[in-house]
Amino acid sequence: MAEFDWLLLTALTWGALALTVWAFVDALTRPANAFVATGKLTKPGWMGIAALAAFIIWQFGLVSFLGLPAVIAAVVYLVDVRPAVRGLPRGNSW
């Protein structure tokens, strides 16, 4: 039973890490003016949040004190910010 728990926790941690890295890469590829145009936090702000979330998951794991807030931050970007920014035309990214 302990082996199953370890495998499940490892799979969830890798999944959370992939989610936070996806949020970072997506924020990196979106144009900076799209964030401002939609009234969201700036591109460097979201990139910093996503990078910090990925670092926390990678360094401390999912079950750390900041593990759940890190995953929530990535989910907020992917569910709220990404659809709003994605709808705008691409331009200069910085």
Read through the list (1) exposed (fewer than 12 other Cβ atoms within 10 Å of the Cβ); (2) in contact with a Ser or Thr (Cβ under 9 Å, 6 or more places away or on another chain); (3) at pLDDT 95 or above, then give the number of the only condition that Thr29 fails.
(3)
Search the stretch 1-24 for residues being of a type outside the set (Gly, Ala, Ser) and within 10 Å of Leu62 (Cβ to Cβ), and hand back the single one that is nearest to the chain's Cα centre (by Cα).
Leu17
Wholly inside the stretch 29-86, helices (runs of 4 or more DSSP H) that include 3 or more residues that are of a type in the set (Phe, Trp, Tyr) are 43-60
Out of the stretch 76-94, which residues are at pLDDT 90 or above and in contact with a helix residue (DSSP H, G or I) (Cβ under 7 Å, 6 or more places away or on another chain)?
Tyr77, Leu78, Val81, Arg82, Val85
Mind listing just one residue for me: the one in the stretch 4-26 that is over 20 Å from Ser64 (Cα atoms) and not aliphatic (A, V, I, L, M) and, of those, surrounded by the most Cβ atoms within 10 Å (Cβ to Cβ)?
Phe24
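The values are calculated or read from the model by the stated rules, or taken from the named source; none is laboratory data. The model shown is predicted, which means the values in this text are computed figures rather than measured ones. Quick reminder, even Gly has a Cβ in these numbers, built from the backbone with ideal geometry, and neighbours come from all protein chains shown.
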